[in-house]
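The values are calculated or read from the model by the stated rules, or taken from the named source; none is laboratory data. Please read these numbers as outputs of a predicted model, since none were measured by experiment. Here the Cβ positions follow ideal geometry from the backbone for every residue, glycine too, while neighbour counts run over all protein chains shown. Only protein heavy atoms, including side chains, enter the accessible area calculation; ligands, DNA and RNA are left aside. Shrake-Rupley method; radii C 1.70, N 1.55, O 1.52, S 1.80 Å.
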Amino acid sequence: MATQASPLPIDAFLPQVIDLLRDRGVLVVVAEPGAGKTTRIPPAIVTAPGLLLPDHPRVVLLQPRRVAARAAAARIADESHTPLGGEFAGYHVRLDKRLTPRTRIRVLTEGILTRQLVNDPTLDGIGCVILDEFHERSIDADVSLAMLREIRDSLREDLKIVVMSATIDADRVANFLGSAPVLRVPGRTFPIEIVHRPPSSNRMVDRCVDEAAAHFSDSHNTTGDVLVFLPGAGEIRAAASQLSARCPHVDVRELHGSLKFDEQQHALSPSDGRPRCIFATNIAETSLTVDGVDCVIDSGQARIAGMDHRRGLDRLDLSRISKASATQRAGRAGRTRPGKCIRLWTAMEHQTLDEYDLPDIARIDLAPVLLALASWGVTRPRTFGWFEAPSEESITVAQRLLMSLGMIEIADGSVDGPITSLGTAAARLPLHPRVARVLIEGRSAGLAREAAALCAILSERDFVIDDDPQQRIPRVTGASDAIWRMQLLEERSPQHFVNPAGFYAVKEMQKQLQNESIATTQDRAKGLSGSGDEVLMKLLLLGWPDRVCKRRESDQAAAVMVGGIGVRLHGQSVVREGELFLALDVRDDSRSRKSEAIVRIASRIESAWLGELLPTLLTNSTTAIADEITGKVIGVRRQYFGDLLLAEHRGVPVTQDGLRKALCDAAVANAVALVAACEPLQALLARIRFCRKHASELAWPRFEEPSQDNSISDSPDILTAKHLVEAACENAKSMEDVIARLPDVLRGRLVYPLDRKLIELAPETIEVPTGSKVNVDYSGDVPVLAVRLQEMFGLAETPTLANGRVRVLLHLLGPNYKPVQVTSDLASFWKNTYAQVRKDLRARYPRHSWPDDPLTALAVRGAVKRRR
């Protein structure tokens, strides 16, 4: 191997790396950014005499991102003076491969290694696997580490494993690998000054641009380049536009995943002599050496993909980075010269950051991983030797999806079943299981090219721009956003609202998928009928059976999805017609007031397709319900897809038993409300409470107010609202019947002699001198008798209750039925107050009788009749 171009801190430790691997076979390397571990350790291993067996001479270097993998391979090839992709060093990333069967150092992205492990569990020909930048904790890196440990323990004790990072929990990884040695490489090539900025009311993009502009206006900073970390492509485009206008002498470049490979390479290439400013996402956080950068401006933010396992929705959250990520970003400034890192947060805020980023395994969809493990022979993922075990919920959600896709079977009622032939075929494809099923079924249906296009569209980043107001997308109507994008893909060049890099990436992906060999023994697409587009839309339904949505009648842009999730179509969706559609690309939107998820890519479906393709998920039920308005029982037939209500028909015939059960169910469910609404029942309950208070020597049952859970008590001496209503439902035909029967049911619960004592102690009415029977109101603390004053003439004393123990409170009413006096001492009223009341009332109601002596006068009900 050629002599290294320049010395790096790791060089002095390379002999230790080789000795530790010879002795233990596993190693954890902790080296700060810029130490050179990525480009120096793989060549040292592959060239160390006798370290790797002749049958397994190759080294795999695992990188988390495509741009880092290409850059690492290119640097290794350059330093070894060998062609990239030749026998010494090459790379293999998604959609791009530059290596030969004899290439010794293979730089791979993580998904590529996972597929190799599935296809070849013994890793034939590979003597060492290096997992670089392990601190990022991608799902593939976590799973690959666990699989590699199992391979080494059971099949290949000669297999060498190296885990590397600048910010890694080294002891934890070392313990997982069986007390592996830890090699710590101190120091970096050049020092870095860390500067913290106080908070500001300005937007983060504006703050980053201000810092960059200030750097380039400083006369002391005439040569150094700047690397600015922002969370996404939208922010990068805005920042690049602002800085270009403010500093025309600066070479402004962008670096993010939406760019084509040559555009990414251009961002990393040397400048034309002008100072350079690179606006980048966390794609530039690790493994990349950007020559000339001496200043990093860190927004402290990143967009992190994840999944809401409870709702089954993808998420893309704007989050604060961890301390580990902040360290990695700062390290970009000290690679080739002394540098400075400007952090747009305070030193105190820095202490509140998480130590490490949340690992993928705790936040993303596990379906692809579980399918890979099932293909590898792991049918019980809960017992797999994870580096960090995922949650029970995330495993269950992923297994249910794989089961609905027909990729794993149910074994003895458990979802821990074996993989199916369809699952085996899907596991060999570089696709999510959903998309893999579309490709497999499409190939069987004779639509290989079209299915490959759809799968590429749904696998790669969306190439339709939606965050640039200057890119106006035409308002068109269609059956499927995916098929509309497929039609755009067939054009020779992208339209003005299409991201060119994404457009060509999807085209390249389509080409690769058309050439993928698919081995499945079943004619999976048997029975698919219809036109070409109709079959394609049916294929999408097979891949997204859990994403069926039904529009809301009140808002055609809104819908409810299987699982009860509210969704809203993106304003640029072409799917504006049809009752049902699929949510192919749906994400939580934190800005939504209604907590609705946003559907960027939808596809219309017909209800008949559900029965044709997914009959086991369709259910029909006929039930009797009590109509909320009329209270009468009616028959309702409902059709569901999963838990999504598709159709409802009212007025269908129901059996007598069904009628009785429906009425009882509805009544019991609303028992407390029914009891509260029944005035005669409330009056009866008040009378019993009165008796319990004033005749406590008798064993009156208690009737307490219901608690929040609509129950009263389980005590046998307490009558619950539920029990009352259940008894009242016997032979009832409507809710009105139930309410009407409640008082009789309660009276039936009063055993002798309480039933008679109730009438004796708390009569429902009191007879007044006119012979009228006036109701007594027992609802308050004191029973009230509201009666017209003239009907009380001749009565000397206040009526009493409870065998004379309690006097009623008289509300004496005028001819207008409004109280003119409230008293519990009628005798005192006649003696002291009546004369003044008589004077006032006689003036207002002259036709009524107002005798001088009320005790000797005849009680009357109304006005005195005039004589003719």
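For the residue pair D533 and H694, what label-to-label distance in nm results when each label sits 7 Å from Cα along the Cα-to-beta-carbon direction?
Roughly 8.1 nm, to one decimal.
Looking at S322, P15, I598, which one has the Cα that reaches farthest to the positive end of the dipole of the chain (charges on Cβ: Lys, Arg +1; Asp, Glu -1)?
Value computed over the given set: I598.
Evaluate the relative contact order of the chain (contact order divided by residue number), counting alpha-carbon pairs under 8 angstrom at least 6 apart; express in whole percent.
For the chain, the relative contact order is 7 percent.
So which chymotrypsin sites (Phe, Trp or Tyr not before Pro) in segment 745-829 end up in coil per DSSP with only 14 or fewer other C-beta atoms within 10 Å?
Counting only loop positions with at most 14 other Cβ atoms within 10 Å, the chymotrypsin sites (Phe, Trp or Tyr not before Pro) in segment 745-829 are Y817.
Using the Kirkwood radius over C-alpha pairs as Rh, can you work out the diffusion coefficient of the chain via Stokes-Einstein at 25 °C, viscosity 0.890 mPa s, in µm² per second?
73 µm²/s
Relative to the first principal axis of the alpha-carbon coordinates of the chain, what is the inclination of helix 110-119, with its axis defined by its Cα atoms, in degrees from 0 to 90 and to the nearest 10?
The angle comes out near 90 degrees.
Could you give me D for segment 138-229, from Stokes-Einstein at 10 °C and 1.306 mPa s, where the hydrodynamic radius is the Kirkwood radius over C-alpha pairs? Units µm² s⁻¹, please.
Estimated via Stokes-Einstein, D reaches 88 µm²/s.
At what distance in nm do the modelled label points of D19 and A558 sit from each other, each positioned 7 Å from its Cα along Cα→Cβ?
That separation, rounded to one decimal, is 7.0 nm.
Expressed as an acute angle from 0 to 90° and rounded to the nearest 10, what is the orientation of the C-alpha long axis of helix 66-79 relative to the principal long axis of the chain?
Roughly 20 degrees, rounded to the nearest 10.
Want the number for S200 to S269: 0.36 nm per residue separation, take away the alpha-carbon distance, what's left?
That works out to 21.5 nm of additional length.
Would you please give the residues with an amide H less than 5 Å from that of V26, counting only those at least 5 places away or on a separate chain, with H modeled from the backbone geometry?
Result for V26 returns I161.
Under the Karplus relation 6.51 cos²θ - 1.76 cosθ + 1.60, θ = phi - 60°, what is the ordered set of whole-Hz ³J(HN,Hα) values for segment 40-52, x standing for Gly and Pro?
9, 5, x, x, 5, 5, 6, 9, 5, x, x, 6, 9
Check which residues have an amide H placed less than 5 Å from C277's amide H, if you skip close sequence neighbours.
Amide H to amide H, under 5 Å and 5 or more residues apart or across chains, C277 pairs with V226, D251, V252, R253.
Working out 0.36 nm times the residue gap between S772 and D55, then minus their Cα-Cα distance, what length gain in nm do you get to one decimal?
Stretched out fully, the S772 to D55 stretch lengthens by 246.8 nm.
If the viscosity is 0.890 mPa s and the temperature 25 °C, what translational diffusion coefficient in µm²/s does Stokes-Einstein give for segment 325-481 when Rh comes from Kirkwood over Cα pairs?
This corresponds to a translational diffusion coefficient of 125 µm²/s.
What does the charge dipole of segment 249-299 about its Cα centre add up to, to the nearest 20 debye, if the Cβ of each Lys and Arg holds +1 and the Cβ of each Asp and Glu holds -1?
Charge dipole of segment 249-299: 80 debye, to the nearest 20.
Convert each backbone phi in segment 831-841 into a coupling constant with the Karplus relation 6.51 cos²θ - 1.76 cosθ + 1.60 (shift: θ = phi - 60°), then list the ³J(HN,Hα) values in order as whole Hz, x for Gly and Pro.
These are the phi-based 3J(HN,Hα) values: 6, 10, 10, 4, 4, 5, 4, 4, 4, 5, 6 Hz.
Please identify every one of the GluC sites (Glu not before Pro) in segment 540-606 that sits in a loop by DSSP and has no more than 11 other beta carbons within 10 Å of its own beta carbon.
Within segment 540-606, the qualifying GluC sites (Glu not before Pro) (loop, at most 11 other Cβ atoms within 10 Å) are E553.
Roughly how many nanometres apart are two label points built 7 Å out from the Cα toward the Cβ at T622 and E797?
It is 6.9 nm.
Could you report the accessible area of E133 in Å², rounded to 10, computed with a 1.4 Å probe on the protein chains as they sit in the structure?
10 Å²
What FRET efficiency comes out for R184 versus S421 if R0 is 60 angstrom and r is the Cβ-Cβ distance? Round to the nearest 0.05.
0.80
Just to confirm, what accessible area per residue do you get for the chain at 1.4 Å probe, in whole Å²?
Per-residue accessible area for the chain comes out at 46 Å².
With θ taken as phi - 60° and the coefficients 6.51, -1.76 and 1.60, list the Karplus ³J(HN,Hα) couplings across segment 359-368 in order, rounded to whole Hz; mark glycine and proline as x.
3J(HN,Hα) across segment 359-368, in whole Hz: x, 3, 5, 8, 9, 10, 5, 9, 4, x.
I'd like the isolated cysteines in the chain, meaning no second cysteine's beta-carbon lies under 4.7 angstrom from theirs.
C128, C208, C247, C277, C295, C341, C455, C549, C678, C691
When the accessible area of segment 159-278 is computed with all protein chains present and a 1.4 Å probe, what percentage of it is carbon and sulfur?
50 percent
Taking square-rooted eigenvalues a ≥ b ≥ c of the alpha carbon gyration tensor, is segment 1-149 rounded, prolate or oblate, where a/c under 1.5 means rounded and, failing that, a/b exceeding b/c means prolate?
rounded
To the nearest 0.05, what FRET efficiency results for D251 and K323 with a Förster distance of 22 Å applied to their C-beta separation?
Using R0 = 22 Å, I get an efficiency of 0.10.
Near the amide H of E193, under 5 Å away, which other amide H atoms are found, from residues 5 or more places off or on another chain, if H is placed in the peptide plane?
Counting only residues 5 or more places away or on other chains, the set is G339, K340, C341.
Taking only Cα atoms, what is the 0 to 90° angle, nearest 10, from helix 233-246's long axis to the longest principal axis of the chain?
70 degrees
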